[in-house]
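The values are calculated or read from the model by the stated rules, or taken from the named source; none is laboratory data. From a predicted model like this one, the values you see are computed outputs, not experimental measurements. Glycine also receives a Cβ, built like all others from the backbone with ideal geometry; neighbour counts cover every protein chain displayed.
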Amino acid sequence: MIHITNGQSDQILDFITEKNFFSDTHRQSLKDNLETFEFTTFADKSFSEYLTKHNRVIIPAEDQGYIELIINEVLKYRDNSGLKAEVFADASYLTLKKAKVIDPQTFNEQTPTTAVSFATNGTEWRPGIIEGKGYRTFHIEEYTNPYAFLKRIATEFGLELRFRVEVSGGRVTGRYVDLLERIGEWRGREVEFGRDLIGIQRREKTDNIYTALKGLGPERDDDTRLEVIVTDEETLQRWGRPDPITGELQHWWDTYEPQTSDQEMTESRLRELTENELEKRVYEVVEYESTIADLENVPGIENKKIRFGDTIKIKDTKFNPPLYLKARVHTQERSIKDKSRKNVVLGDYIEYTEEQVQSVWLAMRAEIRRRLARMLITNIASTAGDTFKNGEGSTELTAEVFLSGDLVDEAGENYTYVWNKRDKNGIPLTGWNRSGKTITISAAEIDEKATYTVDVIQNTVMSIGRMTITNVYDGKNGEPGPQGVPGPSGEDGQTLYTWVKYADDEQGNGMSDYPVGKEYMGIAYNKTSPTKGTNPTDYTWAKTKGNQGIPGEPGADGTPRYNWVKYADDKNGNGMSDDPEGKRYLGLAYNKKSQTESNNASDYEWSLIYRSASDNLINNPATSKNIDGWSVSTDGTISIQTVDFMGEQVDVIESISTGNTQNYSKYFDVDPTKAYEVSAWFKVEFPNPSTHLYLGATSDPGIIEQALISDESWTDTTNFYFFYTSSSTFASDWVKITGYMLPTGFPAEKANGLGENNSRNMRFKSGIDRTRIRFLNWNNDGTPRKMWVAHPTVREVPDALLGDFNKKINEAYGHADVVSEAAYLDAIADAEAYLAANGLIKGRDYNGVSITNEDGFITARGDGLVRTVMNSTIGYVIQRRANKTSPWQDVLYFDTSGNLKFAGNLDGASGTFKGELRVNGTRGLTIINDVINNSYGNKIASVQGGDIYLGDDNDGSSMTLGSKRFSFHDGAGNSVTLSFSSGGINVSGNGIIINSLGRFHNDGGRTYLQGDDIRLTKFMSANYAPVRMGELQVFGRIINQDTYDTTTGANANMYVATNGYYARSTSARKYKEQIQPAGVDYTKILQIEPKSWFDRGEVERNNGSTEGLHRYYGAIADEFEEIGLPEYTVYDDETKEIENFNDRAWILLIPNINDMKEEVKTLKQENESLKERLEKLEQVIYAE
């Protein structure tokens, strides 16, 4: 909504709802501190009369607050839908330019607040949020205005200006000037190529590089100034050229003058400013231009905000070298009506190298690993299981604490153990609690079900364990009965699902799929659909975050103890290091008296570090730039080479074989209960049946349990390959091979179809802990053959990618029984987030791709306005819609019968179309070869020789388009030809001729160019015919002697506006609307003093002399504004400068004259009264 306020009183006059305005654009720019708003609305509504110059509009800011702008231009027009108005408005803070004049003066030791206070004093604006500190002295040498001075204050203190208004009670209540450290903020928004980074350019400029600067201070009153020399030796070594005689490197020099008038500047301050400036000039200037997509209002990612002044990160790893940037939103254009319409321009780019980004990532990863190494996990062990029968029996519950996978505190001395109980409904029993590492529970104290939790405490709760025990009643056992009759086969079972949601309270308000910021968890069991319900009543809600506990008593002082942490290559501590990069094992040593960590591997307990599924377990030369860890057997060699890989130069392994050469990777650790993906790209020099490719696991015995292939089980446990074929099946181009090493016992039927270009997969033998990968280059003919291997990779595979989509959630629920509540919720959130990010299943949308029963396979654009639908019923169709509530419209349609329909243009490369082309329509056109026929079979167009022939076979009329001519035939033997030649355009017969002299004529007259004139005359006549047109623009003066010679006694009625338009000046009532008294102080016109002057233009044209010029008499327009009559002052529409005064101003003399007449009348009456009193007085005096 747009509010319109009175330009003088700030009272809200009216408002414009969203349905009554359109094409609105609000623009902000950091570069020039400008802010504008323009929109189109109706010019015949009730609010339209207020859309006048100097009235104001108030629009909502992007998140909260309001923005005030002043209308400076209104353009009215009429189109086929009615009378419209285009309104242009500038920010109201620009009025500070006219608020007052600041005289030349000096302000000593000003803070940001005092400087802004002076600048805004006496204006409508006042200081708001001021974040800067320190003192500055300002020397104002020339007259200035508050706006310019505020910009200078911001520059001096290194701050940024922000203007804002506050609205209350239907009017603006405050206007504030803020000085902020930085407009905008970092909201975590990252822009990546292929997602929301549309394009980027990087431009390097070296034309402004200098190695030395001479700094020049402000000129003092005695005409002296400070000078300093600043150089940069590192830059000199990089850019300097040697002197041809001495050989010494020569500096590149420039001067620098700080933009300040501080005559008291010290030499140290000048040197500091000059050094800062030189830092900007010692490097090449790198400029970027980028285009990004604003995704804030795309469904599903509404939290990805971009705001004016914000900092964002840009990543393009496909750029060479890879680009990692920070940038600010310098300019923003948005619609206040359509929030999805926003464009931003970025600036203030900061570039980071890939090494810098990698180092930050490695530091974060090391910290995460350190924290994981210190995480406690608590399990509850029961001596009698988790089920009692018929209320009989008891069990001992013991808290088992694990640190980095190892059982600790078996004696229960290092931690405090506090036990709590929840009843069958999950409600805590407030009167029940016990302590100790082990407690005893009897069946009698359990009503159907109870959950026991144990808090492991060391100053604070370190971990929580939980266990649920049930008590079932099934009666006493009777005598065995006889064998019953076998029943019929049962129905197939149904897959049931468990739903998990998170909320703010026990009613399910604020329900979400993620636990962040939520205190309650809801669980719904045994649901038949995998899609989570959105009704809170479907879930059972429980609070997962407790209140702050009571602090414990302070502990006694003791000897300090330390924990040591190291990293190594294997479980024996080989390759021990303080840096986790490249290390597979973590070593921990607890409760050591020395703070200095030992270098003896036996002092540590070693365990496999948590491994990300994205980690490559073998050496990839493309990233490591070496082939360390790779070995080769006989009959061959391997080396690292740089070759072309898919258009990029990449380091690969080159294998040269004259026989049967095997190439091995380094051994790496594996877990036989996990799955691993093995892949590599291969290319051979000479595809040949005698050259074979192999990619597989090691041939070491005891590694492979069984090879799994689609039609058989291959049980060779020593020689296993994912791929084995003659290289002649491939051309000499890159081919990717992918296979899987699967967990022990993995079902053979699930291995079908896994991999790429492979013939089989494998599964591990139980108990193995390491393996290696090999590829073979078998060359049976003895001729040296080259093979290249690119991007060899082994990665751990998440279970979800193998088709078991429920496994992660089930494991997360099971894991919750042995880890803390916080870890339990994290595991659930991680599993669900993984499925949401990687699972494309029926009914679920994944990045705009979905599969439904109704439409089949659908891909949708991010804004929801374009989609592609494919199925076997309708075929393939691309659809568009105007907005998200509009119906879909087909724009490209291939149906299942092979027909094509499209709504746009058909563009493409040149080619040949064979067959018959029919055009649907009222005429039923058919195009066959070079002829177009209508529905009656008549030829209406054809190509004949070098001409295009258009005509009707029935009546013989036609038109021929040939080289440099058009011919028209009426079918009766008459024709007209329009031809082109060097002489112009000629029409045969009694037609129009345009010749090379620029003359247009027929038999009756001519229009011709002569000099700079266009003349329309009767043929060979000196008399001119009138020229009529909608608008005539003349650059220069309009001179018409006839108009001057024609005199009249009528009133002047011609007006020339400041934009150069002519208009007839009127004053009749019929031309006026809303007539009312002027409401001005008419007595002010009596302050106008008559003046005389010479015209400046005439003086300039007279070489600056007034000699011989006429002196003019009248009044000065500026004085009308100065005495308080701006209503009678004429301003330029664009510059707002004073141009003239209204010639109707003299009407103000009439009420002054009337006032004088009344005064004269009153004086006469008083005079008559005095005369009467005088006569009576005289009579009395004379009577005595």
What pairs can you find where one residue is in segment 673-691 and aliphatic (A, V, I, L, M), the other is at pLDDT below 65 and surrounded by fewer than 16 Cβ atoms within 10 Å (Cβ to Cβ), and their Cβ atoms are less than 7 Å apart, with a gap of 6+ or different chains?
684/732
Does any residue of segment 615-624 turn out to be within 40 Å of the chain's Cα centre (by Cα), closer than 26 Å to residue 736 by Cβ, at pLDDT below 80 and among the hydroxyl-bearing types (Ser, Thr, Tyr)?
yes
Inspect all residues belonging to segment 1123-1139 and state whether any of them is within 60 Å of the chain's Cα centre (by Cα) and farther than 30 Å from residue 75 by Cβ.
yes
Tally the residues that are in contact with a helix residue (DSSP H, G or I) (Cβ under 7 Å, 6 or more places away or on another chain) and of a type in the set (Phe, Trp, Tyr), restricting the search to segment 387-415.
1
Residue satisfying all of: in segment 18-58; surrounded by 19 or more Cβ atoms within 10 Å (Cβ to Cβ) and among the β-branched types (Val, Ile, Thr); modelled with the highest pLDDT among these:
41
All positions within segment 393-408 that are modelled with pLDDT of 90 or more and within 55 Å of the chain's Cα centre (by Cα):
397, 398, 399, 400
Between a first residue in segment 137-149 that is within 11 Å of residue 101 (Cα to Cα) and a second residue that is basic (Lys, Arg) and assigned to a loop (DSSP other than H, G, I, E, B), which pairs have beta carbons less than 8 Å apart while being 6 or more apart in sequence or on different chains?
145/100; 146/100
Scan segment 75-88 and tell me whether some residue there is of a type in the set (D, E, K, R) and under 34 Å from the mean Cα position of the chain (by Cα).
yes
Can you work out which of the residues in segment 176-206 that are touching a strand residue (DSSP E or B) at 6+ places or on another chain (Cβ under 8 Å) and assigned to a loop (DSSP other than H, G, I, E, B) is modelled with the highest pLDDT?
181
In the list 712, 654, 685, 648, which residue meets the criterion of being surrounded by fewer than 14 Cβ atoms within 10 Å (Cβ to Cβ), out of contact with any Gly (no Cβ under 9 Å at 6 or more places or on another chain) and at pLDDT 60 or above?
648
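Each row is one residue, and each column tells you yes or no for (1) closer than 30 Å to residue 97 by Cβ; (2) surrounded by 10 or more Cβ atoms within 10 Å (Cβ to Cβ); (3) modelled with pLDDT of 90 or more.
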{"position": "1078", "(1), (2), (3)": "yes, yes, no"}
{"position": "1102", "(1), (2), (3)": "no, yes, yes"}
{"position": "1115", "(1), (2), (3)": "yes, yes, yes"}
{"position": "1127", "(1), (2), (3)": "yes, yes, no"}
{"position": "1133", "(1), (2), (3)": "yes, yes, no"}
{"position": "1139", "(1), (2), (3)": "yes, yes, no"}
